[in-house]
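The values are calculated or read from the model by the stated rules, or taken from the named source; none is laboratory data. No experiment lies behind these values; they were computed from the predicted model shown. Neighbour counts run over all protein chains shown; Cβ positions are idealised from the backbone, glycine included. Note: areas computed on protein heavy atoms with side chains; ligands, DNA, RNA excluded. Shrake-Rupley method; radii C 1.70, N 1.55, O 1.52, S 1.80 Å.
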Amino acid sequence: MSAGIVDSHQHFWQVGRFDYPWMSSEIEALFRDYLPPALAGILKRCGIEKTILVQASNSLEETRWLLSLTDQYPFIAGVVGWIDFTAPNMGQQLEEFVTHPKFKGVRHLVESEPADDWLMQPRVLDGLRALAARGVSYDLLVHTRHLKYVDTLAQNCPGLRLVVDHLAKPPIASGQIGEWSREIKVLAMHGNISCKLSGLVTEANLNSWRTDDLKPFVETALELFGPRRLMFGSDWPVCLLAASYRRVLESFETLLSALSDDDRKRIFAGNANEFYRLPEPAGVVAG
């Protein structure tokens, strides 16, 4: 792929600024600030035209901060933020954010919730229906154990655009594809569900993974969802636990090399543009 790639999944954070339940000083590579100037040069060298910036804290203040970054850094084409579906003023929160042209979606750290069926709460379902009514998409940060609830969610909210982050974090390190494959096959039957080819290198063996380790999972996703419902994402800077940005990108370019030019363009740019309703023509090259 040449220039024009859309990275559908990356993060920025500042240690201590917001509550990051997944962050630990024991994971030194992530226990530091990651801000736009650190990424801009990487994007330019890798031919990335624009990105989707995704929340990392269940925080309204973090979402406001992420949206403010888009005013300073044009390569950020959209923000997937957070609203509190359980709050009485959830509607007001949504109304505040939809006025910003780069607010494109919502995500909650479902993987951090003690209850696997968190998505099934009546207030959460009502909130998700409110997103659908406003044309706002929802990113699903889930694991294999959550996928049966995503199936129910898709049935209850057929008008909501859903995307499963990181292919639901399949067990790449163990190679035990069976349960994940069965569960995600059910989701593929819902036309409103897409998946991100992101976050896979950190589900493999961090120190010894090879591109071939990802292949069975990527091939399964291609078979089930097809090239029109998959999108590339770097998951930077989390990916740095296992690989550089360039190595992540090159691995997916290798894994998808047998596809037609049109299908590769969809996965590396077109699908993200369409899913997040990014403006065309494409925006400013990072620099």
Pick from the range 86-145, criterion among the acidic types (Asp, Glu) and either touching a strand residue (DSSP E or B) at 6+ places or on another chain (Cβ under 7 Å) or assigned to a helix (DSSP H, G or I) (or both), ranking: nearest to ALA272 (Cα to Cα): ASP139
Contacts under 6 angstrom Cβ, first residue in the range 113-134 being more than 14 Å from TYR149 (Cβ to Cβ), partner open to solvent by 30 Å² or more (accessible area, probe 1.4 Å), 6 or more apart: ARG123/THR86; ALA132/GLY159; ARG134/VAL98
Unique residue being within 18 Å of the chain's Cα centre (by Cα) and outside any helix (DSSP H, G or I) when the list is SER174, SER208, SER194: SER194
Sole exception among (1) open to solvent by less than 10 Å² (accessible area, probe 1.4 Å); (2) in a helix (DSSP H, G or I); (3) of a type outside the set (Val, Ile, Thr) for GLY78, by number: (2)
Selection within the range 146-162 - open to solvent by less than 50 Å² (accessible area, probe 1.4 Å) and either in a loop (DSSP other than H, G, I, E, B) or in contact (Cβ under 8 Å) with a residue 60 or more places away in the chain (or both): CYS157, LEU160, ARG161
Matching option when the condition is crowded, with 22+ Cβ neighbours inside 10 Å and touching a Phe, Trp or Tyr at 6+ places or on another chain (Cβ under 9 Å), among ILE177, ILE184: ILE184
Residue count, the range 149-176 (criterion: over 26 Å from SER208 (Cα atoms) and in contact with an Asp or Glu (Cβ under 7 Å, 6 or more places away or on another chain)): 2
Residue list for the range 1-31, filter: open to solvent by less than 40 Å² (accessible area, probe 1.4 Å) and either farther than 22 Å from TRP65 by Cα or among the basic types (Lys, Arg) (or both): GLY4, ILE5
Among (1) over 26 Å from TYR276 (Cβ atoms); (2) in contact with a Phe, Trp or Tyr (Cβ under 8 Å, 6 or more places away or on another chain); (3) among the small types (Gly, Ala, Ser), the one test that SER234 misses: (1)
Yes/no for ILE52 being β-branched (Val, Ile, Thr), touching a Ser or Thr at 6+ places or on another chain (Cβ under 9 Å) and farther than 30 Å from LYS148 by Cα: no
Looking only at the range 189-203, and only at residues there that are open to solvent by 10 Å² or more (accessible area, probe 1.4 Å) and free of Cβ contacts under 8 Å to residues at least 40 places away in the same chain, the one that is nearest to VAL142 (Cα to Cα): GLU203
Positions within the range 1-42 being part of a loop (DSSP other than H, G, I, E, B), under 30 Å from LEU256 (Cα atoms) and of a type in the set (Ser, Thr, Tyr), in sequence order: SER2
Residues satisfying the stated conditions in the range 114-131, i.e. buried (at least 16 other Cβ atoms within 10 Å of the Cβ) and small (Gly, Ala, Ser): GLY127, ALA130
Residue in the range 231-246 that is surrounded by 15 or more Cβ atoms within 10 Å (Cβ to Cβ), assigned to a helix (DSSP H, G or I) and not hydrophobic (A, V, I, L, M, F, W, C) present: yes
